[in-house]
Amino acid sequence: MYIYKMKYFINHKIFRFGFLLTVMLFAGCEYEAPETENLTSLGPYPGSRILGNGTFCFSASGYPRNSEEVPGIQTLYVNDYTRNFVKSIRLELKGLRDAEWIASTSDPYFAEATQWEAGPLNAVTRLYALPDPDMKVIVWEGSIVNTARRKISFRIEPVFEFARPSAADYGEKQVQYLVDELILTAGFTDARDTDVDDGRFSRPVTLAPSEDHRFSLLIVISENQLQGQQTWDTLAVKDLRRFAREGWDAWLAEGVEPSFQSPEDSLRFRTNLLSVKALNLNGAVPADITGQFVTNDLPQLYPRDALMTARMFLETGHLHEVKQILDYWANVPFKSTGEWFARYDAFGRATEGGSGARYDVPEWDSNGYYTTLVYEAFLQHRIWIGDFKLVRDLLTFVELRLGPDGLVHEGGIVEWPGKLPSTNMSLAAAFKQAAFMAKWRNQKQLARRWAAVAERMDEGLARLFDPTDKVYKDMRDHAFSWNTSALFGWIWGYEDHLRLQLSAEYWWNHCRKTGDGIQYFDGEGYGDDLFGFTTGALAQYYAAQHRKERYLLLKTWFDRNSNVYGLIPERVHYPEDDEKISEASPLTWCSAEYVMVLVEGARHLMISEDIQATERRAIKLCQNAVSAQIPFQDTLTRRECLDYLKDVSFWWDNFIREKEKINALFGAASLKKHGITLAMDPYPLELISPNAFDIPFRLTMKKPVQRVRVQDRYATRNWRIRTPRVSEGGIHTVRVMPFIPMPVTDHYGYFLLEWLFSVEDITVPLSFPVHYQILAPYKISLKDTLVVDDPVFQIFNRSKAPLEILWMEDTLAQTHIFPPDYQDTFVITLSDSGAPQDSMNLIILFGNDEHFEKFNWIPCREVDLSEGWEFSPVQQVNQCFKLRRDDSLWFPVQVPANWEDAGFPDLDGTFWYRRYFSLPDSLHDTRIWLDMGAVDDEDETYINCDKVGSTAGWNLPRRYLISPGKSRIVWNVKNTLLMKVTDYGNGGGIHKGPVRLLIEK
């Protein structure tokens, strides 16, 4: 509801007389204020509610994310997303002052509900869609209460502003709007002759003190006037809220809705599920419809995001929606056989995205997601959906692009290409699943081939595990960078294992920030923010791991950071700024992932007490997996399922993940029956000395178990772990005793503590990975191995004792003492005479210990390149040789600086820099490096159109070796240095120095 400000021009004397008369009339009379309905928002942030029934979709809000938008309906799409039909549909109260927003929320009747106060009037409105897919109907209900002691008159005026050419036909009681080929029939269900008067759609209302007025505005979308009028006449006499509730309850009953302990969890589940349902227009599911991910002012479509939402529909039992999405993505244009573009416009065409987002980057994780959906749908429903020929094309495409290491190099979930654990895990799982599909179709050779590919990828994934931090990381330009999206590999079917458990521990300890949200990836700004889908992935993982305390912290992060309707924004900014959340509120994928957080929490009895439902699901999954291999074995008892789980030979490769799911569900039920909870307190991660330490834990249980034991698995030697006798309650400790001498370098490692509970007829494991770091008392390193002047050493004395360093300068012995806790740099001055010095021996005295270290470097001279750059703001020119030939495309530019600050504002995308330089042929056999401070976001660098290197990361330094003897440099003449720079948003360009050549002396 939107209420415009009105100015009243009242004679002062008349006003005074009226005021006194009012006082006299009410003097001595007791006034009973009317009861008003009070709403409570589900979250703190502004945003939109998404409504519709799968044939049409609209966003509505009483508290919009964009302050320029008026409250009400902001967008309306019918059948697809190729046209937005409205700018605004709103209700205005004419004759009253500005209204004050009180609260907006999702209503149990699947509605957008908002409470306002306009002076003495208290108003609550509800917007909802009817679920019948044969009708496109919007209902807008309202209740307005007069809380004043006087009579108040005003008008309720529905206002329709369309984004398409339109015309209005005013009838006796309804108005019909023609918008392109659509007809919108609008009117109050208790229609009055005064509702439509002389080309005006407006209802006059007068309320006595404590009186209320209730109304229902019915909007029918149809293809002709007669159909719209007939539908309107049929519905106007119905109890529309009951009609909607029964219809939506029937749709929900077609699927699986968990039994939640909290009514609010049930409301949040339904709200997010039905929002994603509304967004699915015949298989087209946009990233959002709230204004962030747009192309030509229309929503963008991503195969990855859409298939993520299809997983939500599959896990909640709505197979029809899964089929729609799979069919849609089987019929869009492909980049090449078996390869989707990264993003599409509303017409299903590959198109550049908003903010310079590229559509042609390699993004192949979707190939695995499509395959897994086909496979999982068969296991859960015993029917094949999707297109097996497309599965074959998708996986053949990936197979042909596997590197020698068994990995693919692509864009994946993040925009910067690399070898990503998430993509490679999900694809490895997909090859195992596809091998089953091929075997089921009696294509045994294809099944063997795909199983072999999966095995190669399994071996390759070990290379993406960082041995220092003990975590899966992306590999970009031969360097590790962390990325918490790796858990999507597990979500899409890759089996759990020790490296993944250790990775989750790393993310929990290092990537969990304010309010327990999980950061995305190692990239300042966008990547550092707290994202809904990565937080959701870790929450689901901890639910399956029976880690209730961690699951609840992550789940609560969603509750605290939803918008007012309980829907999930794309991300929460970190550290918090004035905006706090991203523009997309909600983001489709994040709402879908939150549904899965609630589903997995209920299944594993974190937020549900329904033990029987959990065991029924475990038995059903077991039946599906067994009958997929043994025809006609469709009914199994709990005991028979447990017997199958003990038969290791039965669960061949592609069913290991299914076995994990079944085990986790049976385990959750058994732990719940016995009231078992196990929690670890924080433990020290960093030790300055290798002393023994204790790891405390808390164990509680309601029923005794047959046996509890603690075992440990190591990834290092020289440790001893003393496990306690475990009683049924209280705080206990595990003592860890390392026997490692004081290291001269930091020592990293991990071990796994695993509790095994023998409960009923199964053994339930609870695993706790422990990372440790034994830190050297001091660290000395060269700041840079390419030295222009004198070598700079970085010194870090962590200990409480002084550190003494001795070295020879010419023939004189030099010494310097660094106090405890010293952390800074130290420069050693070299002699200017003689040959350039390229090494230094240091003697390090620490306590009673003496160490010798030798440092080597490469003496260099510097050639400054910060002047003379040119910039080409012509995005469509992508070929280096064309740019070199056409000087009209180039303009002088300051470097280093963002191109926005150098005279080229509002540019996002791919553009070029150019600079000329020449070098004498005396350097022909000399090593030369191009040294750049930082480029936002990624670069490809060429000399004379010969590529010398590329780096992704807006704040990473660039240093490219120009190998001697190569033809890329032409000596004694002008060479062209070209840099192709891609910026995905905000500032872009060569923004940080130095910008230079380093030439070996």
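The values are calculated or read from the model by the stated rules, or taken from the named source; none is laboratory data. Worth saying up front: this structure is predicted, and the values here are computed from it rather than measured. Positions of Cβ are generated from backbone atoms using ideal geometry, with glycine treated the same way; all protein chains shown enter the neighbour counts.
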Matching residues in region 161-184 - criterion: being part of a loop (DSSP other than H, G, I, E, B) and of a type outside the set (A, V, I, L, M, F, W, C): R164, P165, G171, E172, K173, Q174, D180, E181
Qualifying positions in region 455-499 - among the charged types (D, E, K, R) and surrounded by 24 or more Cβ atoms within 10 Å (Cβ to Cβ): K473, D474
Residue list for region 241-290, filter: touching a Phe, Trp or Tyr at 6+ places or on another chain (Cβ under 8 Å) and among the acidic types (D, E): E257
So D925, is it modelled with pLDDT under 90 and loosely packed, with under 13 Cβ neighbours inside 10 Å: yes
Qualifying residue in region 921-928 (condition: part of a loop (DSSP other than H, G, I, E, B) and either touching a Leu at 6+ places or on another chain (Cβ under 7 Å) or touching a residue at least 60 places away in the same chain (Cβ under 8 Å) (or both)): yes
Test result for D80, surrounded by fewer than 24 Cβ atoms within 10 Å (Cβ to Cβ), closer than 30 Å to L252 by Cα and either within 26 Å of the chain's Cα centre (by Cα) or modelled with pLDDT under 90 (or both): yes
Members of region 55-69 that are modelled with pLDDT under 95 and in contact with an Asp or Glu (Cβ under 9 Å, 6 or more places away or on another chain): R65, N66
Some residue of region 420-431 being out of contact with any Ser or Thr (no Cβ under 6 Å at 6 or more places or on another chain) and surrounded by fewer than 24 Cβ atoms within 10 Å (Cβ to Cβ): no
All positions within region 194-253 that are in contact (Cβ under 8 Å) with a residue 60 or more places away in the chain, out of contact with any Pro (no Cβ under 6 Å at 6 or more places or on another chain) and small (G, A, S): S202, A208, S216, S222, A244, A250
For N367: the one exception among (1) assigned to a loop (DSSP other than H, G, I, E, B); (2) of a type outside the set (G, A, S); (3) more than 18 Å from L567 (Cβ to Cβ): (1)
Selected residue (criterion: surrounded by the fewest Cβ atoms within 10 Å (Cβ to Cβ)) from residues of region 185-243 that are of a type in the set (S, T, Y) and in a loop (DSSP other than H, G, I, E, B): T194
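What are the residues in region 318-336 that are outside any helix (DSSP H, G or I), over 17 Å from E257 (Cβ atoms) and not aliphatic (A, V, I, L, M), if any?
The answer is N331, P333, F334, K335, S336.
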Complete set of residues in region 844-899 that are exposed (fewer than 11 other Cβ atoms within 10 Å of the Cβ), at pLDDT below 85 and basic (K, R): R885
Region 304-334, subset among the charged types (D, E, K, R) and over 18 Å from D387 (Cα atoms), residue surrounded by the most Cβ atoms within 10 Å (Cβ to Cβ): D305
Filter result for the condition that a residue is within 23 Å of Y541 (Cβ to Cβ), modelled with pLDDT of 90 or more and polar (S, T, N, Q), over N663, N654: N663
All positions within region 154-189 that are under 22 Å from T125 (Cβ atoms) and among the charged types (D, E, K, R): R155, E157, E161, K173
Any hit, region 872-880, residues being in a strand (DSSP E or B) and among the hydrophobic types (A, V, I, L, M, F, W, C): no
Boolean, T468 is hydroxyl-bearing (S, T, Y) and in a loop (DSSP other than H, G, I, E, B): yes
Count of region 103-134 residues which are crowded, with 19+ Cβ neighbours inside 10 Å, of a type in the set (A, V, I, L, M) and in contact with a Ser or Thr (Cβ under 8 Å, 6 or more places away or on another chain): 4
Per-region count, region 759-776, residues modelled with pLDDT of 85 or more and more than 38 Å from the chain's Cα centre (by Cα): 1
Selection within region 602-644 - among the charged types (D, E, K, R) and assigned to a loop (DSSP other than H, G, I, E, B): E609, D610, D634
Test for D789: is it modelled with pLDDT of 85 or more and over 24 Å from F855 (Cβ atoms): no
Tabulated pairs, region 767-783, first closer than 26 Å to I843 by Cα, second in a strand (DSSP E or B) and charged (D, E, K, R), C-beta under 7 angstrom, 6+ apart or interchain: Q773/E686; L775/E686; I780/E853
Selected residue (criterion: surrounded by the fewest Cβ atoms within 10 Å (Cβ to Cβ)) from residues of region 645-656 that are under 37 Å from the mean Cα position of the chain (by Cα) and outside any helix (DSSP H, G or I): W652
Flag if C641 is buried (at least 19 other Cβ atoms within 10 Å of the Cβ) and more than 34 Å from the chain's Cα centre (by Cα): yes
Of the criteria (1) at pLDDT 90 or above; (2) in a loop (DSSP other than H, G, I, E, B), which one K800 fails: (1)
Residues located in region 399-431, provided they are in a helix (DSSP H, G or I) and either farther than 23 Å from S503 by Cα or among the hydrophobic types (A, V, I, L, M, F, W, C) (or both): E399, M425, L427, A428, A429, A430, F431
